[in-house]
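Data block below; observations after.
Readers should treat all values here as calculations from the given coordinates under stated rules, not as data from a laboratory. Just so it is clear, the structure is predicted and the values come from calculations on it, not from any experiment. No Cβ is skipped: glycine too gets one built from the backbone with ideal geometry, and neighbour counts run over all protein chains shown.
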Amino acid sequence: MPDTDGPVLSVSGLRKVFGTQVAVDDMTFELAPGRSLAIVGESGSGKTTVARMVVGLERPTAGTIVACGRDRSRPARNARERTLRGREVQIVFQDPYSSLDPRQSGTAAVDEVLRVHHDHDAATRRRIVGELADLVGLDQRQMDALPRALSGGQRQRVAIARALATEPKVLILDESVAALDVSIQAQVLNVLADIRDERGISYVLISHDLAVVRQLTEDVLVMQRGVVVERGRTADVLDAPQHAYTRMLRASVPGPGWKPTRTLRRPA
């Protein structure tokens, strides 16, 4: 059996090259059970590429990825291994509308995952669907609705419930609240914090939003052009950044009373 006493996720020397472009270079980090790690940077910094490699959507050019004691640096060899990997690490994307089947209700989506990953009878699946709905703050009417009938925040909650149905040890959140308005964003972040407290799940948060990073994570990596330029405890890095790029990211966050200094010209 794999050794799961150590880090729930360990990444070493990870590298990804697309043609002549180095997207990620020498990425190394560890994630302990029940901890949350943020990977931050501007668009194009390589943070989403890291997430896609960890979850298995991209193959690393070099380096190793070990999740729950199992090496997943290379593609799964068969369907059984793919299913096992899906139980261990799940991802929630930025746009839940594109990741949810528009013809499938939340209830059906979660039930499908339970049928694929667990040997439960119909009554047990119904009970678990109800428990997951309660966990993410959705009622039965909302779970039975199609995605087009739900708000953005409700769709994202369905996506989170579906990801949790495999009982993963690691949940990757790839800009998962970026498209939501501030009030709904806060609600979803509170749901995620409650889930971690209840289930001991570990999060990898991919984000450019430093306020979200501060609220949900203990540790942070700052990426610039595929390379980690700063790392440490979230509060330390955000309150007293050492690298010029991190200072630039922090300075770019609008503060109280901020007003744009440039306005669009009206058409003549």
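Observations on the structure shown:
- Radius 14 Å from Cβ of T61, net charge of other residues (Lys, Arg +1; Asp, Glu -1): +2
- Database remark: amide H of L146 closer than 5 angstrom to no amide H (H placed geometrically; neighbours at sequence offset of 5 or more, or on other chains; Pro and chain starts carry no H).
- Prolate/oblate/rounded call for region 1-115, Cα gyration tensor, a/c under 1.5 rounded: oblate
- Here each label is just a point 7 Å from Cα along the line to Cβ, and for Q104 and D134 those points are 2.5 nm apart.
- Sum of -39500 (n - 2.57) over DSSP H runs of 4+, divided by residues of the chain (222 nm, nearest 500): -11500 deg cm²/dmol
- Taking amide H atoms as placed 1.01 Å from N in the peptide plane, the amide H of I91 lies under 5 Å from those of I172, each 5 or more residues away in sequence or on another chain.
- With a Förster radius of 25 Å applied to the beta-carbon distance between V116 and R74, the computed FRET efficiency rounds to 0.65.
- For T61, distant residues with modelled amide H under 5 Å away: R15, K16, V17
- Report note on the peptides 77-89, 148-160: ranked by the mean count of other C-beta atoms within 10 Å, highest first, their order is 148-160, 77-89.
- Paramagnetic label zone (point 7 Å from Cα along Cα-to-C-beta, E167; backbone N under 13 Å) in region 130-156: none
- By the count of neighbouring beta-carbon atoms within 10 Å, fewest first, S207, S176, S252 end up ordered S252, S207, S176.
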